[in-house]
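Readers should treat all values here as calculations from the given coordinates under stated rules, not as data from a laboratory. Not measured: the values here are computed from a predicted model. So basically every Cβ, Gly included, is an ideal-geometry build from the backbone, and we count neighbours across all protein chains shown.
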Amino acid sequence: MPPLCNLLRVVVIVAASGLAVADGRADAREGVDVPPPSMASRLVSAEQVERAAVQQYGELLAQARSQNALAPANHPQLVRLRAIAERLIPHTYEWNPRAREWNWEVNLIGSKQVNAFCMPGGKIAFFTGILQKLQLNDDEVAMIMGHEMTHALREHAREQMGKSAATQGAIELGSALLGLGSIGRAVFGAGGQLLNLHFGREDETEADLVGLELAARAGYDPHAGVTLWQKMSDLGGSASAEWLSTHPASGTRVKDIEANIPKVEGLYERAPKPPRRFEPPPKSES
């Protein structure tokens, strides 16, 4: 029979393990830490936001197509973007269960603008300008794509629309209580701006960090998050850098990314690496 002290030691260990499970610390999550989503997003439905995004995305593609600016499916850079997205998408489900149901799309638009986005519902677009002017390698593209996916996954647009709805609801409380009319109008008004939203610093930090993890899990080097923002800083205040107007570069941003790289390095090291690498496109002469 084992000594009493050994039995007591086992009991203590088991009890401590039970407390850790109760606290959710027994199986600590590997990756970045971000706060829970804002309650404001619950004021509007995800379906409303996604419907607005589908409509606006379709309009954007139609406009690009009419100007012969929409890349065909066999365009080498579009093939590249879709291959990267295919690796990232399976890792989005943990961050938003609805992502499994989204009809993910990736398109490339011919434009000098340095811009890229992912609208609610997984509607992604890159402009050729961001690939050419920054000479992005695959790892850096994955950082941008993961960042933009995070805005959709964490429902940052829905949160802003919810805040608008709350403000409008406070002004027109009576109609809001009777028929949600003010909330509907607030959602409709905010929905018209999905392509031009300026997210707050907290949203941007969250997108940087979750995007970093998505890319690492997909086999893309997290250190590219630093080189990406170094390139953004070098680009400076270019008039065509639309992405910089909504995602301003800063020293703090790079420091935050650097501080979180150790949290995802193990994920990157264990992840299957992309079977092939694409080269950056030829630099634009303009």
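Remarks
- Likely footprinting exposure, Met149, Met161, fewest C-beta neighbours within 10 Å first: Met149, Met161
- Residue-span extension gain [Tyr93 to Glu279] - 0.36 nm each, minus C-alpha spacing: 64.1 nm
- Distance between the 7 Å Cα→Cβ label points at Glu258 and Ser233: 0.8 nm.
- Listed residue (Thr92, Leu61, Leu78) projecting farthest to the positive dipole end of region 20-150, Cβ model: Leu61
- Bridgeable aspartates and glutamates around Lys133 (alpha carbons under 17 Å apart, same-chain partners fewer than 8 residues away excluded): Asp234, Glu242, Glu279, Glu285.
- A Förster radius of 22 Å, combined with the Cβ-Cβ distance separating Glu265 from Arg201, puts the computed FRET efficiency at roughly 0.30.
- Members of Lys112/Lys231; Lys112/Lys283; Lys231/Lys263 lying beyond 21 Å, as alpha-carbon distances in this model show: Lys231/Lys263
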